[in-house]
Structures are given as structure tokens and as C-alpha cells.
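Have a look at the structure below, then the notes.
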Amino acid sequence: MNDTRDPFAPRLARRAVLQGIAGAAAMTALPGALRAQAAGKEAPALAKLVGEGKLAALAQRLPEKPMVVTPFEKVGVYGGSLRRGLRGSADHNGILRMVGNQGLVRWNLQFTEPLPNVAERWEVNADSTEFTFFLRKGMKWSDGKPFTADDIVFAVEDCAKNSELYKSVPSPLVIAGKAGTATKVDETTVKFTFASPYALFLDLMATPLGQHPTLFPKHYCGQFHPKYNPAVADLVKQANVSDWGALFRIKCGDIEIPSRWGNPDKPTIDPWVVKEPYTGGATRVTMERNPFFWQVDTEGNQLPYVDRISFSISQDVESLMLDAVSGRLDIQDRHIDTLQNKPTLSQNMKKGGYRLVELIASSSQQCQIYFNITHKDPKMREMLGSKEFRQALSLGMDRKEIIDIVYLGQSEPYQAGPRPGHPWFNEKLGRQYTEFDKAKANAMLDKLGYGKKDAQGMRLRPDGQKVFFSIDVIPTLYPDLVDVLELVKRHWADIGVDMKVNTIERALYYTRGDNNDHDAAVWPGPGGLDPMLDPRDYFAQHPQGSRYAVPWTLWYVSGGKDGQEPPESQKQRMKLFDDARATSDLKKRGEIMKQVFDLAADAFETLGVCLAVNNFGVVKTNLKNVPEKYPNAWTWPNPGPALPQQFYFTT
Amino acid sequence: MLKFIAKRVLWMIPSLVVISFMAFVLIQLPPGDYVTTYIATLAASNEVVDQNTAADLRARFGLDQPMIVQYWKWITGILLRGDFGLSFEWQQPVGDLIWERMALTLVLTFATLLATWGLALPIGIFSAVRKYSIGDYIATFFSFLGLAIPSFLLALVLMYLAAVEWGQEVGGLFSEQYLNAPWSLAKVWDLIGHLWIPVIILAVSGTASLIRVMRANMLDELNKAYVTTARAKGLSEFRLLMKYPVRLALNPFISTIAWLLPNLVSGSIIVAIVLSLPTAGPLLLQSLMSQDMYLAGAFILLICTLTLIGSLISDILLALVDPRIRLE
């Protein structure tokens, strides 16, 4: 693989020097560089409609300055139907990832900086409290109506901040407990104002959860809103629902609920629009090209290249695998990217006519063990809360064996923190206590007062109870973590510590966590490439994620009203992270985050096994312009930011 | 007879009330609620739900209220307005979701039933009449085989062979181009072309057990005196068989009609999931797994009602077919 096609290699070097200015990435939007799109082409089917007078000419459909996408390999050809698979239930985000990545800004391929998208450029004031976005003049919704600043103000002020629609304002629009304000400057300029500095706002606008501003067309969704349609009560009655909020959700959807893709009448700004909707009884979802899509390639050809997308719906993930193996999916990683499937998929590559692409893990840790250091039982809390106890357990773990057996050697021992190669990589946080040293572990445990042993050779606590705890894991979700824990159980038995692998169903896992009933739990540790977006392992930040101290997270989230007051080191990190979030200078932000990582390394709250393993996806051989490597993340909703609108089929 | 039917119908009402309550409680019994499951499902793809949104959803669906309040809201909606509510997940009326799937479910179930009975009855009769003949041994061999193979396994093996070895498409009930097309002759033909795979898979185990039942019942009857009498009177062998022993041997089949109706909805779930059939079964399982209360509740209620009606029908039919059975 040469360097230009490897997005991982350049990103490392580049991130260090990036200061928030658009770099020469592999794919770059060049707003304003091309005004000659009048010469550009459109899909034959659209050209025919134009010829028949049923559709406006291309120049009228495109904005004055369309977003110019540099194709990944080369300019493509129109046509073809792209096949992808969905699972029967709660898989709406499979559509979002492919189609709906149209926020104000978007990520570059390297996942290092936001690029212009719906906004052709933006300005940020000195203290990061005001963000001014300049929209594309003449940009249209998929029904041909203009997309203007009014739509964004409507979506933020009338929808996202409406307490009858959203009981609390979606969190990307909130900083320090206060929601920001969107105001219209002129038709194509909109300004977001926040009460306190919010440097992270731009990054968040590139993630799926930051899509609210571009989600609701005012001319369509306004009819379901009492402010714009006084007669909305009649519509509510007609639809037989309880209130206008419910009707609004059915018709206009939300970022990640199925009804976003359930209404073919709702205009969008996506490259493809819904034709056969995603509903409860559907066996297929199809989407057709948006004739008003506002992006062109470097030769001025309107995107997307591919005519339509067809999502087949399988009730069973195994039948998705069969579809992949027999070459009936054009691009797929969702649901089939487990390590166990890789041999089967590699074996059938030739027969199925597909290739495998590498998905770079954005997580940091494959198997993060969260000991509950705020355990309800004071004796357990004393044991699990002891840093030396956790360090001893870490030393008593043979990570090499786990990596060789469970992950086929594809990883390295690791604790937590940004991935090696990331400019914020922290050696101590990542690699402390990862060596296998049984003697030292035993000595540490003896010193802690767990020297006495029972007849089976298991250590006893000073109060006579066995040193024992259980670790919650969801086998249906992460079968590999069960395998890891079984090995860890053996390793720890060798140093006299008894552990139970507690395999439970996932709703129970969440309930136990929410109620702080668990001894310990495992989950992949995020924040490897996006430490600012998911810092749950660096301090008690996420009530459903930072499972080592759920009461502390509640304290943080509620601003000190709920939960338990955390110790000083945690409070410092909470404060530092809030500062980092307000700092737009990447270098300064990195310095602040280094303090967070250093404090986290000293506290050693979570215990990791090995670095998160890269996943993979299948791509048909004749589907071009697909990068051979791209990140795998929810905040970089793959493959969306690899721009599926510029994928094309040969022959 | 009429009095009997009226009494049975009246008894159904309290049964349904109890059933509806039990169903609601049972669906809620697993830990967590729809929102927890929803968050967990998304987390499986490393996707995160905005925490503000999660709390919002819970309030919107009334999941933060005590269970008895939720039940009251649900049951009064059904009783007073005939409104089964909106599915949490799909934000669509529950009634629409269920009916959308029922038509194809009926087609599949009846096709399977026809195939099962059409194969099992003649083979069962044959292997009883020609006991220990070559034909009987062959029928017996295959019926035990059919009993022993779980149908979902058969489905998986067939699918794997078809996909990997023959490069053919299996699963679903329609070809790509007819999937959402309006009904036409060509679409019906396409349906028939796809229907035989699930029908065979589903019919295999049913046929196998029916053959055994039919054979045993027939063997019981064939040696009875009335058969000899009839034969002595000079009835042709075929007429004799059909008119007396077969009619009696059919009793167990009629009793099973009671299970047939609920099976319309909940039968063959695993096979339907494996084969991606657009029938009601997978939707039912899905709604139970995601704790989509209203959808799952409506399904359970439907299945229970069908069971009650089914057992009434089979009781009545039994009385009609076999005069020896009294309804008192």
C-alpha cells in the first residue's frame, strides 16, 4: 500500500502540525475554486428528465458554489445500484452512516479536522463563544426548495430547544448547562452564540449527534409545529397520536431513530433520498439519487455517481454473512466484522468478487476492565478501590497469551489512553504495569494483607472472606471478551485471586451499572483516536460508560447536585477537561489534556488488556474510490466521511 | 350446542383480561426497559445515544411511570378506542405493523399445512396398510430422519449450499424486482417460485410426526371387528378404508386445530428468521427482544385470543365428526 492511500500514516504526522486550518488532505473541498460547473455533467436519468422539461437544468439545481469533492482515485462514471445489508431491528444508523453524514461540517479522511460541508466556510471569535457559518448560496433541499439560514434557526431554536419536542436540549448544543443560540445574520449566514467558550463545538458538528442544525426543513416540518401551523391539532387527531411532538417525530424523525428514514416525503440534503422507507414490516429499503444534491466532482459532475442504494433487511446476522460471502453486498462491515468471520470472508474473496478493507480502530482498548471503586459494600470498596490491588492484578495477567490465543497475535499489551502514534499518546497511561510478573504481583497482594489462603489456595481478606469478585460481560455482544476473561480467570487463580465471569444479558448489564450493583464490568475502551469526544476512561465522565465510578459521573454530569463527590484527582481532571473543551488552540488543548492523562495514569482506575484490534469490511472489486483503510468510529460514522457519493462502479 | 358455545365465548372475556395483564407483566419482567435495550443495541455498533435524548425518550413513552399506570393506559386504549398504540421503535400504529405481515404469514402457513397433510395422510395410511413392506420401511426411515433434523438447521444447510455451491439466492419470498411491486400475476408466480423452499423446510418435521401418528392410529383401527364386517359385506378395500378407519384415525388431527391458529403467528419463528421471511414471527421475536411493549403486547394478546378461539373450534368440530363425544 503506498502512502497516499494509507490515511493512517499521514494523519499521524499531520495532526501534530495541524492548527485548525484546512490541510492538503487526500480529499479536500475547495470552495470557490471552481465556478465552471456549467460544463459539468449529470446522471443520464436526470438529463432525460431535464430534456423532457420535468426538472430544472443542472445549473439551477446546484448552488452557486457547490462543494467540490476530489475523488479518492479518479473521476467516476454514473450508474449502478449499491447493495448493503441491515439487521431487522434498530439498525437505522446503518443508513445514517452510508447516507446521512451531512452536517454543517464534516471530518476529513484522517479524522483530524473538520472540513467545509454544508457551510462553505466559518469564523470563530477569539474566545470560542461565537461561530459564524457561511452557507452555500442557492443550495436546495431534495424537493428543490432553497436551503437557507432560516432552516438552521428553525431546527435549533424552534425544534431542538423546544421543551415539548426535546425535554432537554440535545447535548452538542449545550455548554456549561446553557444552550447556545442560533441567529440569522442574512439568508446564507447563521451565527451560533454560547455563554461560555466551546471550542469543541466545531468537532461535534462533524459527528452524527451534531446534525440537528441541518435536519429539519422549515417549509416541510413547519407544518407539524404549532408555531407555524395553528391547525396542527387537527393533524395530530387525524394521525391518532397523543401530541404534536409525537407527530413531528413520525414525520420528520430525529438524528438516530428509525422514523428518520420512514417518511419518503421529508426533504433532505443527503446524496440519496428514501424511496422505499425503513418501517417495521419492511424487507428492503431503497434510496434514489437526490437531483438537487449540492456536491460535484473536480470536473463539475454532479454527485452521487451511484444511482440508487438498496439495503436488504436480514432478520439474522448469519444470513448477512452468507450474502457477503456470495458477493451480494457491495460494501459492508456492520454486523459481519467480527474476528471469527475473517477466515471465512478471506477464503471466499475470489469467489464472491470482493476485497477486504481495513477499518482502523478508533477505540483505545479492546477489553477495559472497570473495577467498581465506588462499590456499595465498604469491604469490597476497600479492596477494589485500592490502587495497589489493581496494579497487582494487572501484573498477574499474561497479556501475551491472551493476544496470541484470542486475537491471533494482532495486538499489543495496553492499558488506556490515545493510541500509540497519536500526538497525545501517553507512555505511562498506556503501558504501565503491562508486564507479566507473578512474583511481584504475589508480593504486592501479601503486603496488602491478603496473605492468608484457604484450602484451595485462594487468598483471604483480613475479615476472613475470600478475595472474590465477579466481572459482568455481555456474551452476545462481545464473545471475544468472554474468552479473554476466561483466560484472565486462570491467570488470577494462579496468584490466588478468585474471579467469576458473569455472563449476562445486555439490559441487565446496563441496569446493574446504572444501579451501581456491579463488582466490575468489561467494555471496549474508547477514545483512542477521539479522546476529546469520548474521554470516559480518563475521568468519571459518562454515567453509562465510566463504570469504575458511576456515582462520580453523576456528580460531574449534574454539576455537583447528584451522586457522590469524587476525590481531588478526579475533580482536577473534570476541571481540566472542561478547560480543554473551551480551548481552540490544538497545542494548548494538548497540553491541558496531558495533565488529564498524567493524573489518570497516577490514579490507575481502569485496567486494560490490549490495544483495540482493527476491524475490516468487504468491498466488491468493481466498486471504486473506496479507501483501503479508514477509521471505524461512531463519531466518524464510517463509511460516511469517506464520501460514498463519490464511490462508483466499473462496468 | 348453542348454549355450550355461548358459555365458552363468555368465559373467554375474563380469560383475556387475565391474559392481557399477565402478558404485560411478563414482557416487563426482564431487567431494563425499551430505552435501556435501545441504548444497548446501539452500543453494540459502538454508537452512542445522547444522554439527554435517552431521558427524553423514557418520558415520551411513559416508561418512567409505575407499571400499573402503563398497563391501564394500554388496556383502556384498546378497550375504549380499539387503539393498540404506537410501536416504540417504529413510531407506527401497532395494528398496521401486524396486519402488514399477516397476509403472507397466512399464505405460508396454509401452504405448509396443505403440504404436510397432503403428504402425511396418504403415506401414513399406506404404511399402516402395508405394514413392514419395503414402502413402509422407506417411509419410516425418512419420517424418523425428518423428526430428528431441526428445521432451522435444515434451512441453514440448504441456504449455505445454495449460496456457496450453487450461487443461488435463497431467503425472502420475492425476487428483488417484485419486492415492493404491486400485485400481479408475475409476482404471484414469483412468490410460488420462492415459497417451496420454506414450505418444504417447515413441512418436513410436521410431515414426519404426522406420518407416525396416522400410522399408529390406523393400526389400532385396522384389526377391529367392524373392519372385518365391512370387508365381509363386500365393500371395496379403498371405500372401506376411507369410510371407517381413516375417519376415526383423523380425530387427533382435529384436536390439533387448537394449536394451528396461534401457530399462524408464532410458529416457525426460527426458520422465518433464518430465511428472512417477511412473516409475523420475526417481528414478534424482535418486539420481545427490544421490549417494544405495545407491539409485543398486541402480539401476545392476538396469539392468546387465537388459542382460545382455536380450542373452541376444535371442540365443536370433534363433536361433529365423532358422535361419541358429548359436550356436557
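Just so it is clear, none of the values below were taken in a lab; they were calculated from the coordinates. Just so it is clear, the model here is predicted, and its values are computed rather than measured. Counting neighbours? That spans all protein chains shown, and the Cβs are built from the backbone with ideal geometry, glycine included.
Can you put A:LEU345, B:LEU145 in order of Cβ neighbours within 10 angstrom, beginning with the fewest?
By the 10 Å Cβ count, ascending, the order reads B:LEU145, A:LEU345.
What is the sum of charges around B:PHE61, taking Lys and Arg as +1, Asp and Glu as -1, for the other residues whose C-beta is under 13 Å from the C-beta of B:PHE61?
-1
Calculate for chain A the 222 nm mean residue ellipticity that helices alone would give, adding -39,500 (n - 2.57) per DSSP H run of length 4 or more and normalising by residue count, nearest 500 deg cm²/dmol.
Calculated mean residue ellipticity at 222 nm is -7500 deg cm²/dmol.
Using the Karplus curve 6.51 cos²θ - 1.76 cosθ + 1.60 with θ = phi - 60°, work out ³J(HN,Hα) for each residue of the stretch A:522-537 in order, rounded to whole Hz, and write x for Gly and Pro.
10, 6, x, x, x, x, x, 10, 10, x, 6, 8, 9, x, 4, 8
I want to check the label-to-label distance for B:ALA319 and B:VAL17. Put each point 7 Å from Cα in the C-beta direction and report it in nm to one decimal.
Inter-label distance under the simple model: 2.6 nm.
Only four residue types carry charge here, +1 at the Cβ of Lys and Arg and -1 at the Cβ of Asp and Glu. Report the dipole size of the stretch A:365-608 about the Cα centre in Debye, rounded to the nearest 20.
Charge dipole of the stretch A:365-608: 380 debye, to the nearest 20.
Nearest 10 degrees, 0 to 90: what angle lies between the long axis of helix B:34-44 and the longest principal axis of chain B (Cα atoms)?
90
More than 22 Å apart: what percent of Cα pairs in the stretch A:348-494 qualify?
50
When the label point is put 7 Å from the Cα of B:ALA55 along its Cα-to-beta-carbon vector, which residues of the stretch A:164-184 have a backbone N closer than 19 Å?
Residues A:164-180 fall inside that zone.
Select from B:VAL227, B:VAL204, B:VAL274 the residue whose mean-square fluctuation is largest in a Gaussian network model of chain B (Cα-Cα springs shorter than 10 Å).
Result for chain B, Cα springs under 10 Å: B:VAL227 fluctuates most.
What three numbers, in Å, describe the spread of the alpha carbons of chain B along their principal axes, ordered from the longest?
On the principal axes, chain B reaches 84, 60, 39 Å in Cα extent.
Taking amide H positions as placed in the peptide plane 1.01 Å from N, state which residues far from A:THR189 in sequence (5 or more) or on other chains have amide H under 5 Å from it.
A:LEU135, A:ALA149
Please give the length that would be gained between A:ASP598 and A:LYS376 if that part of the chain were fully extended, namely 0.36 nm times their separation in residues minus their C-alpha to C-alpha distance (nm, one decimal).
77.1 nm
Would you please name the trypsin sites (Lys or Arg not before Pro) within the stretch A:517-618 that are DSSP coil residues with at most 16 other C-beta atoms within 10 Å of their C-beta? Can you show the working numbers first?
On the way: sites: A:ARG536, A:ARG547, A:LYS561, A:LYS571, A:ARG573, A:LYS575, A:ARG581, A:LYS587, A:LYS588, A:ARG589, A:LYS594; in loops: A:ARG536, A:ARG547, A:LYS561.
Here the trypsin sites (Lys or Arg not before Pro) that fit, given the DSSP loop and packing criteria, are A:LYS561.
Work out from phi, with θ = phi - 60° and the Karplus expression 6.51 cos²θ - 1.76 cosθ + 1.60, the ³J(HN,Hα) of each residue of the stretch B:238-247, listed in order in whole Hz, and give x for Gly and Pro.
3J(HN,Hα) across the stretch B:238-247, in whole Hz: 5, 4, 4, 4, 5, 6, 10, x, 5, 4.
Whose amide H sits under 5 Å from the amide H of A:PHE616, counting only residues 5 or more places off or on another chain, with H placed in the peptide plane?
A:LEU359
In a Debye calculation with equal point scatterers on the alpha-carbon sites of the stretch A:496-643 and no solvent, what is log10 I(q)/I(0) at q = 0.20 Å⁻¹?
Reported log10 I(q)/I(0), two decimals: -1.30.
Could you tally the net charge around B:VAL49, taking each other residue with its Cβ under 12 Å from the Cβ of B:VAL49, Lys/Arg +1 and Asp/Glu -1?
The answer is -4.
Would you mind pulling out the separation of the Cα centroids of the stretch B:252-325 and the stretch A:459-529, in Å?
The stretch B:252-325 and the stretch A:459-529 have Cα centres spaced 41 Å from each other.
Got a sec? Charge dipole of the protein assembly as shown, +1 on Cβ for Lys and Arg, -1 for Asp and Glu; which of B:TRP117, B:LEU318, B:ALA225 is way out at the positive end?
The residue sitting most towards the positive pole is B:ALA225.
As an exercise, take the mean of 1/r over every pair of distinct alpha carbons in the stretch A:365-608, invert it, and state the Kirkwood radius in angstroms.
18.4
Report, to two decimal places, the Cα Rg of the stretch B:75-189 normalised by 2.2 N^0.38 Å (N = number of residues). Display every interim value, and only then the final one.
Working: Rg = 21.3 Å, N = 115, 2.2 N^0.38 = 13.4 Å.
In units of the 2.2 N^0.38 Å rule of thumb, it is 1.60.
Averaged across the residues of A:274-281, what count of C-beta atoms belonging to other chains lies within 10 Å of each residue's C-beta?
Partner Cβ neighbours, averaged per residue: 5.
Need the list of lysines near A:LYS41 for cross-linking: C-alpha distance under 19 angstrom, and skip anything on the same chain fewer than eight residues off.
A:LYS54, A:LYS65, A:LYS74, A:LYS140
Plugging the Kirkwood radius over Cα pairs into Stokes-Einstein for the stretch A:61-208, at a temperature of 4 °C and a viscosity of 1.567 mPa s, what D comes out in µm²/s?
75
What pairs in A:LYS387/A:LYS588; A:LYS376/A:LYS466; A:LYS48/A:LYS620; A:LYS184/A:LYS227; A:LYS137/A:LYS629 have C-alpha atoms more than 24 Å from each other?
Result: A:LYS387/A:LYS588; A:LYS48/A:LYS620; A:LYS137/A:LYS629 exceed 24 Å.
Please report the antiparallel percentage of DSSP beta bridges with both residues in the stretch A:365-608, rounded to the nearest 5.
Bridges in the stretch A:365-608 are about 55 percent antiparallel.
For chain A, take every pair of Cα atoms, bin their distances at 10 Å starting from 0, and report each bin as a whole percent.
Over chain A, the share of Cα pairs per 10 Å bin runs 3, 15, 24, 26, 19, 9, 3, 1, 0 percent.
Please label the shape of the stretch A:174-284 as rounded, prolate or oblate, based on the square roots a ≥ b ≥ c of the eigenvalues of the alpha-carbon gyration tensor (a/c under 1.5 means rounded; beyond that, a/b larger than b/c means prolate, else oblate).
prolate
Using amide H atoms built 1.01 Å from N in the peptide plane, name the residues 5+ places from A:LEU86, or on other chains, whose amide H lies under 5 Å from its own.
Long-range HN contacts for A:LEU86: A:SER312, A:ILE313, A:SER314.
Quick one: net charge of A:MET532's neighbours, Cβ under 9 Å, K/R +1, D/E -1?
-1
For the stretch B:129-168 and the stretch A:594-651, write down the distance between their C-alpha centroids in whole Å.
When both Cα centres are located, 45 Å separates them.
Whole-Hz ³J(HN,Hα) for each residue in the stretch B:121-137, computed from phi via Karplus 6.51 cos²θ - 1.76 cosθ + 1.60 with θ = phi - 60°, x for glycine and proline: what do you get?
Couplings: 4, x, 5, x, 4, 4, 6, 6, 5, 9, 4, 6, 8, 4, x, 4, 4 Hz.
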